[in-house]
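The values are calculated or read from the model by the stated rules, or taken from the named source; none is laboratory data. If you're wondering where the values come from, they're calculated on a predicted model, not measured in any experiment. Here the Cβ is made from the backbone with ideal geometry for all residues, glycine too, and neighbour counts use every protein chain on show. Quick note on the areas: whole protein, heavy atoms, side chains included, nothing else; ligands and nucleic acids left out. Shrake-Rupley method; radii C 1.70, N 1.55, O 1.52, S 1.80 Å.
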Amino acid sequence: MKHKLLPLVAASLAALAAPAFAQSAGDWTLGVGLHQVAPKSDNGKLANGTLPLDVDSDFKPSVTFEYFIKDNLGIEVLGALPFKHDIAIKGVGKVGETKHLPPTIALQYHFNSAGKVSPLLGVGINYTTFFSEDTTGILSGSKLKLDDSFGLAAHAGVDFKVSEKASLRVDVRWADIDTDVKVDGAKLGTANIDPLVYGASYVMKF
């Protein structure tokens, strides 16, 4: 009898010791952190290719909300405070600035979600709206307008578990952001921003 009970006791203890799914269907998480939007180096050219653009980077606080539709598979929404970017023409200098909001929704999968270290991958859609455009330098006094943008987005990150209900996350995102640039109503070309977005956040599970 003892020989029969020992495997059952061992299996029961193993089940108790094993961690539950870190991300199970019906769970949701809230993340707060800081992200940098870093546009790619070649941001396009205006005026028939004669004016190469340069859009700079910015840091802002960010927030994420994710709902798990299945174990390890969630739908995430990303938001942030408005990012502000200087716009320059190479060889000329700063000609304007803008603010933007880049809300993004993604479907993402969490690997090894019961472990101490859990990578994640996601794909989704980004919508970027530009506002508070202003001009300076050679465009001073002109009206600058950047059109809103829809595009694909991708996300990769790693969660480092600090408790049963919280993790520290480091991640990188990419978004396809192209916007038509208009000055005094006339289209001058397209800005290809396509940034990488680097960040870290504290993620809490509920």
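What accessible area per residue comes out for region 76-127, rounded to a whole number of Å², with a 1.4 Å probe? Walk me through the numbers on the way to the answer.
Working: 2360 Å² over 52 residues.
That works out to 45 Å² for each residue.
The long axis of helix 2-17 is offset from the longest Cα principal axis of the chain by roughly 20 degrees. Backbone N atoms of region 147-163 closer than 19 Å to the 7 Å Cα→Cβ label point of D194 belong to residues 147-156.
Taking θ as phi - 60° and the Karplus parameters 6.51, -1.76 and 1.60, the scalar couplings of region 34-46 work out to 9, 10, 10, 8, 10, x, 5, 6, 9, 9, x, 9, 9 Hz in sequence order, x denoting glycine and proline. Under 5 Å from the amide H of S57 lies no amide H of any residue 5 or more positions distant or on a separate chain, with H modelled from the backbone and absent for Pro and chain starts.
Skip the ligands, DNA and RNA, and give the accessible area per residue of region 152-192 with a 1.4 Å probe, whole Å². Mind showing how you got there, number by number?
Details: 1930 Å² over 41 residues.
Counting only protein heavy atoms, the per-residue value for region 152-192 is 47 Å².
For the chain, adding -39500 (n - 2.57) for each run of n ≥ 4 DSSP H residues and dividing by the number of residues yields -2500 deg cm²/dmol at 222 nm.
Expected output is a single nm value to one decimal: the length gained when fully extending between K84 and F111, i.e. 0.36 nm times separation in residues minus the C-alpha distance. What is it? Please list the in-between numbers first.
Values: separation 27, 0.36 × 27 = 9.72 nm, distance 3.41 nm.
Length difference between fully extended and current span is 6.3 nm.
Carbon-plus-sulfur fraction of the accessible area of the chain, 1.4 Å probe, in percent? The partial results should precede the final answer.
Details: 7170 of 10870 Å².
Ligands and nucleic acids excluded, carbon and sulfur reach 66 percent.
Legend: distances between Cα atoms for K40/K70; K60/K94; K40/K205; K94/K187; K40/K94; pairs beyond 24 Å are K40/K70; K40/K205.
So how much slack lies between F131 and S163, counting 0.36 nm per residue of separation and subtracting their Cα-Cα distance, in nm? Please report the intermediate quantities before stating the final value.
Working: separation 32, 0.36 × 32 = 11.52 nm, distance 4.00 nm.
Roughly 7.5 nm would be gained on extension.
Result for the chain in a Gaussian network model with C-alpha springs under 10 Å: among V183, V170, V158, the largest mean-square fluctuation is at V183. Modelled spin-label separation between V170 and D184, with each label point placed 7 Å from Cα along the Cα-to-Cβ direction: 4.9 nm.
Over all other residues within a Cβ to Cβ distance under 14 Å of G185, the charged ones net out to 0, with Lys and Arg as +1 and Asp and Glu as -1.
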